[in-house]
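The values are calculated or read from the model by the stated rules, or taken from the named source; none is laboratory data. Keep in mind that this is a model prediction, so the values were computed, not measured. Here the Cβ positions follow ideal geometry from the backbone for every residue, glycine too, while neighbour counts run over all protein chains shown.
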2 protein chains.
Amino acid sequence: LTADSGSFTLEEMKVAYVQFQPVFGRVAENIEKARSMMSGIDADIVVLPELCFTGYAFVSPQEAESYAESAGGGFSLKRMKELSENHNCGIVFGFPEKDGAGVYNSCAFVAPGAKTRIYRKLHLYYFEKDWFRPGDKPLDIFEFRDCKVGMMICFDWIFPETVRTLGLMGADLICHPANLVMPYCQDAMVIRCLENRVFAVTANRTGREKRGDFDFEFTGKSQIVSVNGEIISRGSRDKDETAVADIDFRTSREKAINRRNDLWADRRPEFYRMESDGKDET
Amino acid sequence: LTADSGSFTLEEMKVAYVQFQPVFGRVAENIEKARSMMSGIDADIVVLPELCFTGYAFVSPQEAESYAESAGGGFSLKRMKELSENHNCGIVFGFPEKDGAGVYNSCAFVAPGAKTRIYRKLHLYYFEKDWFRPGDKPLDIFEFRDCKVGMMICFDWIFPETVRTLGLMGADLICHPANLVMPYCQDAMVIRCLENRVFAVTANRTGREKRGDFDFEFTGKSQIVSVNGEIISRGSRDKDETAVADIDFRTSREKAINRRNDLWADRRPEFYRMESDGKDET
């Protein structure tokens with residue numbers, strides 16, 4: 001898919017992922033690891049994995065809650081905010097969010113001088129349903145250095161409506177923290193980028209986590225994908241890795257894929273029936 | 001994605017694709033070729049490519065109209081109906097459909113004793129916009145030998161709403177005639193099958209077609225994909241080929257992908273905004 005080149009000014013932004021294996025429950029140690037891995041990175045936005053400081057395999061909702069922090073500013077949010085100031089960049093990372101009686105599988109965007117943005121995972125995977133409440137806030141986008149950014153977490157990938165919604169809202173870039181155990185997401189995100197002409201950074205964790213009856217193995221292969229479905233960078237399955245890529249994020253705003261086809265204008269929403277019972281929403 | 005095995009009776013159906021290179025304008029000859037290629041096939045449903053008897057590269061709307069036939073029963077529809085009776089199977093094939101003043105890029109399903117079903121391509125690719133009217137009838141499914149079948153054509157693949165709509169309507173199997181020139185569709189259809197737990201047969205043409213200013217090269221690689229995103233069969237880029245696969249189409253009705261996740265029940269339509277302006281449809 002090559003868009004006929006439009007009248008956009010070429011303006012780039014550097015985006016990065018940090019892929020690593022957190023040690024369950026060692027929050028300060030995991031933060032230190034992320035901090036150390038970020039020290040060599042010069043980027044505008046850095047994406048870290050889902051639940052990347054706590055670990056994943058909670059053995060009970062009480063345990064998840066014990067690690068949860070308020071979006072208003074718990075331990076890891078404060079550390080990441082400081083780190084974003086030191087690096088003069090935006091950071092997206094996953095954490096268990098406590099709000100009133102509820103604990104959510106959330107991610108935050110923090111940046112110097114910017115309002116903290118929170119996304120609460122809409123589609124919980126398997127045992128997460130025991131540990132977390134499903135997201136209860138709309139998908140949304142925000143601007144950072146002129147780039148329109150949307151966030152989603154891990155299993156949200158399998159529902160095409162997630163990226164579609166963010167894309168139609170105007171997202172240029174999807175920041176996608178993940179703790180993937182299935183092997184399909186990375187290839188699916190290529191299609192998500194292609195069908196919406198958005199960039200995506202998927203930051204996945206690596207390693208194995210055995211706790212209680214759980215034994216999870218995570219698939220790594222963090223990646224940065226372009227609006228054309230090009231895999232700009234893809235990591236290994238099991239190593240600590242970072243990658244940085246320049247993206248000309250404004251190319252996302254041109255939804256034409258040739259002189260006669262435009263991914264937005266060619267949609268036929270009057271023929272789409274997106275309700276689970278097959279009834280038309282319009 | 002492995003669904004926990006449910007209580008379904010294992011009941012299979014044979015589906016097939018026929019991949020070949022039509023010669024532009026030689027309708028009777030192309031029908032004979034398809035007939036000959038089908039002679040060795042024992043299947044319940046056979047899918048042929050888009051516009052597979054006329055060829056693709058019309059140089060004018062008048063030319064497209066001159067090859068168009070009525071869904072009520074033109075030359076190729078009659079021949080395919082006879083062939084379906086001889087083989088005791090359903091056949092899906094693409095043809096230019098004339099209806100009143102309009103010509104559509106359509107496909108038909110014909111089968112012995114069954115009502116002919118027509119789908120008019122909703123998303124026209126590039127120059128097709130000069131030759132055809134966009135589809136003006138709803139996506140729909142029908143039953144054949146207990147299998148719920150949906151149809152779509154070629155470029156419809158890039159809009160995830162197409163398979164989603166058919167999937168939510170209850171389709172077990174997507175029949176997908178194509179004349180693909182871009183290289184992405186085959187991999188995208190794997191994700192479409194996975195995200196909707198449907199089977200799909202993509203029948204693509206091969207070869208090059210030079211007419212007027214046009215010079216198209218088609219990508220072949222017809223394929224049959226399972227509800228788990230498994231490529232059961234994929235053809236070559238450039239050869240005449242057929243493939244047959246057994247599918248247990250009822251596995252499509254189980255949308256659970258593990259004990260706790262169900263692709264339908266886990267959707268959060270109240271958070272999806274599928275209008276082009278990002279406004280909520282609900």
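Candidates in region B:186-199 are the residues that are at the interface with chain A (Cβ under 10 Å from one of its Cβ atoms) and in contact with a Phe, Trp or Tyr (Cβ under 8 Å, 6 or more places away or on another chain); of these, the one that is nearest to B:P49 (Cα to Cα) is B:M189. Can B:K137 be described as without any contact (Cβ under 8 Å) to a residue 24 or more places away in the chain and either in contact with a helix residue (DSSP H, G or I) (Cβ under 9 Å, 6 or more places away or on another chain) or within 21 Å of A:I158 (Cα to Cα) (or both)? Here the answer is yes, as B:K137 does meet what is asked. Within region B:74-104, being in contact (Cβ under 8 Å) with a residue 12 or more places away in the chain, over 19 Å from B:Q21 (Cβ atoms) and not in a helix (DSSP H, G or I) holds for B:G74, B:N88, B:C89, B:G90, B:E97, B:K98, B:D99, B:G102, B:V103, B:Y104. For B:R133, are the conditions met, namely being in contact with an Asp or Glu (Cβ under 6 Å, 6 or more places away or on another chain), more than 10 Å from chain A (Cβ to nearest Cβ), surrounded by fewer than 20 Cβ atoms within 10 Å (Cβ to Cβ) and not β-branched (V, I, T)? The answer is no for B:R133. Starting from residues that are part of a helix (DSSP H, G or I) and of a type outside the set (A, V, I, L, M, F, W, C), keep the ones in region B:246-275 and report whichever is surrounded by the fewest Cβ atoms within 10 Å (Cβ to Cβ). Ranking the qualifying residues of region B:246-275, first place goes to B:E270. State yes or no: is B:K98 over 27 Å from A:R192 (Cβ atoms), more than 15 Å from the chain's Cα centre (by Cα) and modelled with pLDDT of 95 or more? Judged against the criteria, B:K98 is a match. Only a single criterion out of (1) of a type in the set (S, T, Y); (2) closer than 24 Å to B:Y125 by Cβ; (3) at the interface with chain A (Cβ under 9 Å from one of its Cβ atoms) is not satisfied by B:T219, namely (3).
For region B:42-62, the criterion of a residue being modelled with pLDDT of 95 or more, among the β-branched types (V, I, T) and surrounded by fewer than 20 Cβ atoms within 10 Å (Cβ to Cβ) is satisfied by at least one position. Name the residue that is nearest to the other protein chains (Cβ to nearest Cβ), counting only residues in region B:105-117 that are crowded, with 19+ Cβ neighbours inside 10 Å and not hydroxyl-bearing (S, T, Y). Ranking the candidates gives B:N105 first. Selection of region B:70-85 for residues being farther than 20 Å from B:D44 by Cα and over 19 Å from the mean Cα position of the chain (by Cα) yields B:S70, B:G72, B:G73, B:G74, B:F75. For region A:158-172, a residue qualifies if it is under 19 Å from A:N204 (Cα atoms) and either more than 10 Å from chain B (Cβ to nearest Cβ) or outside any helix (DSSP H, G or I) (or both), and exactly one does: A:F159. Within the option set B:E241, B:E209, being under 21 Å from B:V46 (Cβ atoms), more than 14 Å from chain A (Cβ to nearest Cβ) and crowded, with 18+ Cβ neighbours inside 10 Å holds for one residue only, B:E241. What do you reckon, is A:E195 in a helix (DSSP H, G or I), in contact (Cβ under 8 Å) with a residue 60 or more places away in the chain and farther than 24 Å from B:R260 by Cβ? Spelling it out, A:E195 is indeed in a helix (DSSP H, G or I), in contact (Cβ under 8 Å) with a residue 60 or more places away in the chain and farther than 24 Å from B:R260 by Cβ. Within region A:123-157, the set of residues being more than 21 Å from A:E63 (Cα to Cα) and either in a loop (DSSP other than H, G, I, E, B) or of a type in the set (D, E) (or both) comprises A:D136, A:K137, A:P138, A:L139, A:D140, A:E143, A:R145, A:D146, A:M152, A:D156. Here A:I153 meets each of (1) out of contact with any helix residue (DSSP H, G or I) (no Cβ under 9 Å at 6 or more places or on another chain); (2) within 9 Å of chain B (Cβ to nearest Cβ) with one exception, condition (2). Examine region B:14-29 for a residue that is surrounded by 15 or more Cβ atoms within 10 Å (Cβ to Cβ), touching a residue at least 24 places away in the same chain (Cβ under 8 Å), of a type in the set (D, E, K, R) and more than 19 Å from B:C147 (Cβ to Cβ), and state whether such a residue exists. No; the residues of region B:14-29 include none that is surrounded by 15 or more Cβ atoms within 10 Å (Cβ to Cβ), touching a residue at least 24 places away in the same chain (Cβ under 8 Å), of a type in the set (D, E, K, R) and more than 19 Å from B:C147 (Cβ to Cβ). Reported count of residues in region A:220-238, each being within 22 Å of A:S36 (Cα to Cα) and surrounded by 17 or more Cβ atoms within 10 Å (Cβ to Cβ), is 8.
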